[in-house]
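Please read the structure below before turning to the comments.
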């Protein structure tokens with residue numbers, strides 16, 4: 001690993017904007033000393049002739065005013081503020097320097113060139129957070145929470161991610177591991193020193209503790225994974241229907257902008273169009289699909305294929321039919337394809353129906369939640385949003401409460417842990433002694449450690465931190 005790493009982050013502030021150059025590593029302060037001149041410069045020609053600062057001049061957690069100079073010519077590149085953070089009181093627990101410059105790309109490029117010439121290197125995605133993890137400042141679950149905080153789409157998603165960043169997942173997992181280690185210790189003590197200690201292992205107490213303090217809460221976190229998916233990735237809503245029933249108009253109303261092209265001609269949409277939106281505080285990704293019909297042209301065939309893929313990945317499907325056409329055989333064919341999935345029947349173009357008229361529905365469609373609206377005149381959209389919320393809230397896992405909401409990696413580990421615990425219980429019920437099933441408890445203990453990053457494979461770390469942006 002190089003002695004110093006560097007990243008540039010341009011953050012718009014006001015009209016001009018601020019550029020941030022961040023360096024971390026044992027040579028970060030030394031490099032900064034070679035390019036930074038503190039204080040005001042009152043010299044003709046834009047050059048400095050003062051002595052360069054030394055590393056010891058930089059006090060920790062203090063902001064300095066000054067200029068960035070070319071290390072060779074001492075010409076002024078920019079007027080800046082510099083922040084010094086000495087190890088271990090920094091994000092990475094290493095010496096860290098931030099240079100706050102103007103955000104012009106030419107300025108940032110010149111400052112980058114100077115520090116790179118002096119031995120720094122560009123950071124990899126997520127490298128600052130990775131160093132924080134490797135240096136013990138945060139565990140792996142907290143490192144993963146950083147990207148969730150950055151990508152949070154709603155206040156609720158941000159609250160959950162912030163709790164994990166503050167150590168909610170770590171505290172929960174450590175409590176489970178402490179319970180396991182107490183059980184393992186009592187089993188091993190009885191096995192090794194039973195003549196002296198007597199019976200320390202009580203099978204009835206063991207089962208009660210395992211079920212109440214481990215299996216039940218871990219299973220709750222596994223069940224909560226779906227709600228975590230909704231908070232992080234958004235509810236995947238797919239609008240399906242025949243051509244020209246108003247799918248694109250409905251999508252534009254839901255996202256409150258003209259994202260999809262709307263014309264009177266059928267079959268305008270030939271590809272799946274996605275857009276993110278918040279529906280009553282629930283993050284959602286709405287997909288407008290090509291109208292389902294018998295495709296002949298190559299482009300239409302590809303559009304149909306994408307529509308079917310979107311249906312397979314959907315959390316909720318809006319089946320759109322046109323009130324002026326009634327329920328057609330083509331509508332029923334589409335319903336047959338999506339039957340058994342979460343579906344809301346949406347009857348569009350209610351403005352074309354006579355007052356008080358009802359659309360005759362077949363028996364299978366009467367079982368679906370029903371919303372009537374007019375996308376063209378923006379009528380009934382609130383009712384549809386409420387129906388979407390009601391559909392989502394039917395899943396008790398969506399209201400997370402205090403349950404630990406895992407990511408996919410955590411989910412997979414928790415499932416493995418539950419299997420290990422259930423195997424221990426089964427062997428106890430089969431009459432085996434505790435010394436025979438303690439290995440399953442040890443496996444569960446080790447598996448939970450993987451959530452926090454203990455003995456984590458490098459490939460797993462690479463996969464996690466590749467999701468980050470360069471500046472983190």
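Summed over the range 156-185, residues that are part of a helix (DSSP H, G or I) and under 20 Å from residue 447 (Cβ atoms) total 19.
Is there a residue in the range 164-181 that is more than 25 Å from the chain's Cα centre (by Cα), without any contact (Cβ under 8 Å) to a residue 40 or more places away in the chain and surrounded by fewer than 21 Cβ atoms within 10 Å (Cβ to Cβ)? Yes, because at least one residue in the range 164-181 is more than 25 Å from the chain's Cα centre (by Cα), without any contact (Cβ under 8 Å) to a residue 40 or more places away in the chain and surrounded by fewer than 21 Cβ atoms within 10 Å (Cβ to Cβ).
Here's the yes/no breakdown for (1) within 30 Å of residue 409 (Cβ to Cβ); (2) at pLDDT below 90; (3) more than 29 Å from the chain's Cα centre (by Cα):
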site: 98; (1), (2), (3): no, no, no
site: 101; (1), (2), (3): no, no, yes
site: 110; (1), (2), (3): no, no, yes
site: 127; (1), (2), (3): yes, yes, no
site: 130; (1), (2), (3): yes, no, no
site: 148; (1), (2), (3): yes, yes, no
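Does residue 106 qualify as being assigned by TED's automatic domain parsing to the domain that holds residue 28 and free of Cβ contacts under 8 Å to residues at least 24 places away in the same chain? Outline the logic, then answer.
Working: assigned by TED's automatic domain parsing to the domain that holds residue 28: yes; free of Cβ contacts under 8 Å to residues at least 24 places away in the same chain: yes.
In short, yes.
Take the range 50-83 and flag every residue that is in a helix (DSSP H, G or I) and surrounded by 15 or more Cβ atoms within 10 Å (Cβ to Cβ). Within the range 50-83, just 55 meets the criteria. Looking only at residues of the range 96-120 that are in a loop (DSSP other than H, G, I, E, B) and out of contact with any helix residue (DSSP H, G or I) (no Cβ under 7 Å at 6 or more places or on another chain), we find that the one that is surrounded by the most Cβ atoms within 10 Å (Cβ to Cβ) is 103.
Would you check if residue 40 is touching a helix residue (DSSP H, G or I) at 6+ places or on another chain (Cβ under 8 Å) and modelled with pLDDT under 95? Walk me through it before giving the result.
Numbers: touching a helix residue (DSSP H, G or I) at 6+ places or on another chain (Cβ under 8 Å): no; modelled with pLDDT under 95: yes.
It is false that residue 40 is touching a helix residue (DSSP H, G or I) at 6+ places or on another chain (Cβ under 8 Å) and modelled with pLDDT under 95.
In the range 48-67, the condition of being within 19 Å of residue 102 (Cβ to Cβ) and modelled with pLDDT under 90 is met by at least one residue. Could you go through the range 338-346 and let me know if any residue there is more than 27 Å from residue 275 (Cβ to Cβ) and part of a loop (DSSP other than H, G, I, E, B). Taking every residue of the range 338-346 in turn, none turns out to be more than 27 Å from residue 275 (Cβ to Cβ) and part of a loop (DSSP other than H, G, I, E, B).
Considering only residues in the range 347-393 that are in a helix (DSSP H, G or I) and exposed (fewer than 13 other Cβ atoms within 10 Å of the Cβ), the one that is nearest to the chain's Cα centre (by Cα) turns out to be 393.
Select, from 93, 86, the only residue that is in contact (Cβ under 8 Å) with a residue 24 or more places away in the chain, surrounded by 17 or more Cβ atoms within 10 Å (Cβ to Cβ) and within 17 Å of residue 53 (Cα to Cα).
From the options 93, 86, the qualifying one is 86.
Among residues that are surrounded by fewer than 22 Cβ atoms within 10 Å (Cβ to Cβ), in contact with a helix residue (DSSP H, G or I) (Cβ under 9 Å, 6 or more places away or on another chain) and assigned to a helix (DSSP H, G or I), residue 141 is not included. Within the range 450-469, the residues that satisfy the criterion of being buried (at least 17 other Cβ atoms within 10 Å of the Cβ) and assigned to a helix (DSSP H, G or I) are 450, 451, 461, 464, 465.
The values are calculated or read from the model by the stated rules, or taken from the named source; none is laboratory data. Just so it is clear, the structure is predicted and the values come from calculations on it, not from any experiment. For neighbour counting, all protein chains shown are included, and Cβ atoms are generated from backbone atoms with ideal geometry for every residue, glycine included.
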